[in-house]
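Asker: Please see the structure below; I have some questions.
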Amino acid sequence: ARLLRALPAGRPVLAIAVGSVPATEPPPPRDRCWHDGGQFCYSWEEDAELRLSLEPPAAPGTECYGVRWTPLRPDVTLKDCFSMANVSWYGGPSILAQRWPLNDAESPAQPLVSGDLSTNPDGFGPVLERYFLGSTGVTVTVAEDVSLLLSLESHRQFCLETPAGRMEPLGYQLCVSTDHSFPRWWEPSRMSRHKHLMRNFPPCRSPIWRYHGPEGSAAKIKRGLRSLVRRLKRHRLQEGVVALGERGTAILAATDLVPSGRRKRQAPALVEPLELSITLSPYASVTSPLFLRSLHGGEAAGYWLSRQPRPWGSSIPLLTTWKGQLCARLNVTSEAALRWYLARARHLQQALGATYMAFEGVQGNSFLEQDVPAPAELEGDGYTKVLAAALATLGNGTIISAGTRSSHLPLFVQMSPLHSDWSHAGLKGLIPSVLHYSLLGYNFFIPDAVGGSVAGSTPRDPELFVRWLQIVTFLPVMAFGTPPWLCCDAWVLNLTRQCIQRHQDFVVPLLLKYSEEWQSLGYPIFRPAWWLSPTDPVAFTIEDEFLIGDEVLVAPITEKGQTWRDIYLPGEGHLWLDTNTARVFDGGTTLRNYSASLAEVPVFVK
């Protein structure tokens, strides 16, 4: 083992338990950079070299170290594991059954690249960063240019690993807070450079209603949209956004997307007095006229991702599967392709009178999925990063399905669909996802529809619908797939109206207030209990409560059939007011068996 101590005090910073390095007799490891006080090197002859370097501190009160392993033989695999014993870890990837902290998660070693959980439920989800935060005040940040596999071994360790046989180095930065408390400095340096982009980026004040009506033709879709609007008005829910899926958008586009010179006037709004959201993706079916035209050469031939051509050979489109169809994917490395795609999106938005545009299929690495070498700029999550930056130019009404290296952009991020049940793949995973997204800087997200929407499932359990509704009331956007009048009794419909009003009157002003703090200081808007109790181990594992800023605590029921729960009130020395009963309690305490009927959600104001 190697123990790294910081001089002059000699405080232990890092203990390295060397695992599979051969424990043979001489020659022993050699320190090759002893002459440099800012570096520490050990080399195992013919195996690997370890280099530790002192790095500039991320903020006052922190120490940062660069760690870099370099293999000296092709068959050497580099793998560094971080213990979960007495340490709670946060950050990294989203997963299907999200956990908070990551200690409860399990995943085999796989590339740390965003993916689609609906097609690969065992993979990583659409929002991730190469950043891990430990409850002992340590952060681990992996550089973008490092090819990386990540494994999660529940309650034991998580491991960073390089692909076998490629002789690639493994490098990351370790930062430690000198008082061993949770650091609050991970975001400001990254966010402050981009805060001007966020000034005019409000949360969506009105709910989203997803359209699930007939889609056989443009005429049927328009009738279905009008019918949904009439029903919403009849139930006094006439504010909001009607969201049309990708298939419906494509059918309307084929009918309504005519050259702008031939359009005499702006098309009448399809969903007045509500607003419309349309859905696009960077995929084109190989049978679509759009793709077939590109096969005839010209500029359009470069619009799609292609396999790297052999010398003197022609490029071949890299075909992949999207929603059950064989498709080509937009080539985001081509400026011409991006210009064409963005112009087409703007034209469609204008033709259909849409306020919002949602882009699905932004996540994932098509080259990696097919084990094909990728261009340098599309390694890892390069595709998502480039496309997100381009889509951000479309305006504040843009929604994307992934987030990685893009938390500074003025974009809504759509959360992954959840199951219509009480598991961590359903309701119980909602709050851990909220905390995960917000910690990584993605504060403006759209949660899945109330009740869950995996595989078009419809919530049939009124209790599940209500408990789900009570949580999303306190999130940036309220989204519905199944309207309350289809799943539940009249009292649930009335409760839905009350929750929408509460979201507009109470929650939105809070989000605007704390978005200012996020932009100036980098603090997340939605915060875990340990934010106010950074030294209390009890707070480290609480995954069914969240704070909005420092002043509102939401502690909903997430267990079926329960009308009570234990509630941890963070912040010793603070006082908390129960908004339901007007009772006041001390922070740093736990309320046992606290009552919350089906119509109530425990909310406390500091």
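The values are calculated or read from the model by the stated rules, or taken from the named source; none is laboratory data. These numbers come from a predicted model, not from an experiment. As a convention, Cβ positions derive from the backbone with ideal geometry for all residues, glycine included, and neighbour counts pool all protein chains shown. Just the protein is used for accessible areas: all its heavy atoms, side chains included, with ligands, DNA and RNA removed. Shrake-Rupley method; radii C 1.70, N 1.55, O 1.52, S 1.80 Å.
Asker: Report yes if VAL362 is of a type in the set (Val, Ile, Thr) and surrounded by fewer than 17 Cβ atoms within 10 Å (Cβ to Cβ), otherwise no.
Answerer: no
Asker: Within the range 475-499, track down each residue that is out of contact with any Lys or Arg (no Cβ under 6 Å at 6 or more places or on another chain) and not in a helix (DSSP H, G or I).
Answerer: The answer is LEU475, PRO476, VAL477, MET478, ALA479, PHE480, THR482, PRO483, CYS488, ASP489.
Asker: Checking the structure you have, find out if any residue of the range 374-386 is outside the structural domain of LEU128 (by the TED database), under 22 Å from GLY248 (Cα atoms), surrounded by 18 or more Cβ atoms within 10 Å (Cβ to Cβ) and not charged (D, E, K, R).
Answerer: No, there is no match, as no residue in the range 374-386 is outside the structural domain of LEU128 (by the TED database), under 22 Å from GLY248 (Cα atoms), surrounded by 18 or more Cβ atoms within 10 Å (Cβ to Cβ) and not charged (D, E, K, R).
Asker: Sticking with this structure for a sec: Which numbered condition trips up PRO202, out of (1) modelled with pLDDT under 90; (2) more than 23 Å from GLU360 (Cα to Cα)?
Answerer: (2)
Asker: Additional query: List, please: which pairs have Cβ atoms under 8 Å, are six or more places apart or on different chains, and start with a residue in the range 43-65 that is touching a residue at least 60 places away in the same chain (Cβ under 8 Å) and end with one that is surrounded by 15 or more Cβ atoms within 10 Å (Cβ to Cβ) and of a type in the set (Phe, Trp, Tyr)?
Answerer: That search, which allows pairs on different chains as well, returns GLU55/TYR65; ALA58/TRP185; ALA58/TRP186; ALA59/TRP185; THR62/TRP185.
Asker: State all residues of the range 203-219 that are in contact with a strand residue (DSSP E or B) (Cβ under 9 Å, 6 or more places away or on another chain) and open to solvent by 30 Å² or more (accessible area, probe 1.4 Å); if no residue qualifies, say none.
Answerer: ARG210
Asker: Give, as residue ranges, the helices (runs of 4 or more DSSP H) completely inside the range 329-437 that count at least 2 residues that are of a type in the set (A, V, I, L, M) and either under 29 Å from VAL146 (Cβ atoms) or at pLDDT below 95 (or both).
Answerer: Filter on the range 329-437 gives 335-352, 382-391.
Asker: Looking at (1) over 22 Å from THR279 (Cβ atoms); (2) of a type in the set (Ser, Thr, Tyr); (3) surrounded by fewer than 21 Cβ atoms within 10 Å (Cβ to Cβ), which one does THR393 not meet, given that it meets all the others?
Answerer: Condition not satisfied by THR393: (1).
Asker: Kindly provide the set of residues from the range 147-176 that are surrounded by fewer than 18 Cβ atoms within 10 Å (Cβ to Cβ) and either hydrophobic (A, V, I, L, M, F, W, C) or not assigned by the TED database to the domain that holds GLY115 (or both), ordered by number.
Answerer: CYS159, ALA164, MET167 - these are the residues of the range 147-176 that are surrounded by fewer than 18 Cβ atoms within 10 Å (Cβ to Cβ) and either hydrophobic (A, V, I, L, M, F, W, C) or not assigned by the TED database to the domain that holds GLY115 (or both).
Asker: Which condition does TYR303 not pass, out of (1) in contact with a helix residue (DSSP H, G or I) (Cβ under 7 Å, 6 or more places away or on another chain); (2) closer than 23 Å to VAL127 by Cα, if it passes all the others?
Answerer: For TYR303, the exception is condition (2).
Asker: Give me the pairs, please: first residue somewhere in the range 363-385 and under 22 Å from LEU326 (Cβ atoms), second residue anywhere and open to solvent by 80 Å² or more (accessible area, probe 1.4 Å) and part of a helix (DSSP H, G or I), beta-carbon distance under 8 Å, and either six or more positions apart or on two chains.
Answerer: ALA374/LEU368
Asker: Just need a number here: residues in the range 528-543 that are open to solvent by less than 10 Å² (accessible area, probe 1.4 Å) and touching a Ser or Thr at 6+ places or on another chain (Cβ under 6 Å).
Answerer: 1
Asker: Is it fair to say THR558 is within 19 Å of TRP468 (Cβ to Cβ), hydroxyl-bearing (Ser, Thr, Tyr), out of contact with any Ser or Thr (no Cβ under 7 Å at 6 or more places or on another chain) and open to solvent by less than 60 Å² (accessible area, probe 1.4 Å)?
Answerer: Answer is yes for this residue.
Asker: Within the bounds of the range 542-558, is there any residue that is farther than 30 Å from ASP461 by Cα and either part of a helix (DSSP H, G or I) or assigned by the TED database to the domain that holds PHE444 (or both)?
Answerer: No, that holds for no residue.
Asker: Does ASN331 count as crowded, with 21+ Cβ neighbours inside 10 Å and touching a residue at least 24 places away in the same chain (Cβ under 8 Å)?
Answerer: When the stated conditions are applied, ASN331 passes them.
Asker: While we're on this one: When residues of the range 448-463 are filtered for being at negative phi and surrounded by fewer than 22 Cβ atoms within 10 Å (Cβ to Cβ), how many remain?
Answerer: Qualifying residue count for the region: 7.
Asker: May I ask you to list pairs of residues, at least six apart or on different chains, whose Cβ atoms are under 6 Å apart, with the first in the range 488-508 being more than 21 Å from LEU553 (Cβ to Cβ) and not assigned by the TED database to the domain that holds GLU600 and the second being in a helix (DSSP H, G or I) and open to solvent by 40 Å² or more (accessible area, probe 1.4 Å)?
Answerer: Taking only residues 6 or more apart or on different chains, the pairs are CYS488/PRO462; VAL492/PRO462; LEU493/TRP485.
Asker: Give the residue, chosen from ILE548, ILE567, that is within 14 Å of ILE431 (Cα to Cα) and either out of contact with any Leu (no Cβ under 7 Å at 6 or more places or on another chain) or touching a residue at least 24 places away in the same chain (Cβ under 8 Å) (or both).
Answerer: Only one candidate qualifies: ILE548.
Asker: I've got another one for you. Hey, could you check the range 49-60 for residues that are touching an Asp or Glu at 6+ places or on another chain (Cβ under 9 Å) and open to solvent by 40 Å² or more (accessible area, probe 1.4 Å) and say which is farthest from ASP80 (Cα to Cα)?
Answerer: PRO57
Asker: Which residue, of LEU276, LEU252, LEU292, LEU270, is modelled with pLDDT of 80 or more, farther than 19 Å from VAL362 by Cα, assigned by the TED database to the domain that holds LYS222 and part of a helix (DSSP H, G or I)?
Answerer: LEU252
Asker: Still on this structure: Among the residues that make up the range 432-442, is at least one of them under 13 Å from the mean Cα position of the chain (by Cα) and aromatic (Phe, Trp, Tyr)?
Answerer: Yes, the range 432-442 has at least one match.
Asker: Which one of these is at pLDDT 95 or above, farther than 27 Å from PRO476 by Cβ and open to solvent by less than 50 Å² (accessible area, probe 1.4 Å): PHE585, PHE546, PHE604?
Answerer: Within the list PHE585, PHE546, PHE604, the selection yields PHE585.
Asker: Pairs, please: C-beta under 9 Å, at least 6 apart or cross-chain, first residue in contact (Cβ under 8 Å) with a residue 12 or more places away in the chain and in the range 154-174, second outside any strand (DSSP E or B) and among the basic types (Lys, Arg)?
Answerer: Matching pairs, first to second residue: SER154/ARG99; MET167/ARG73.
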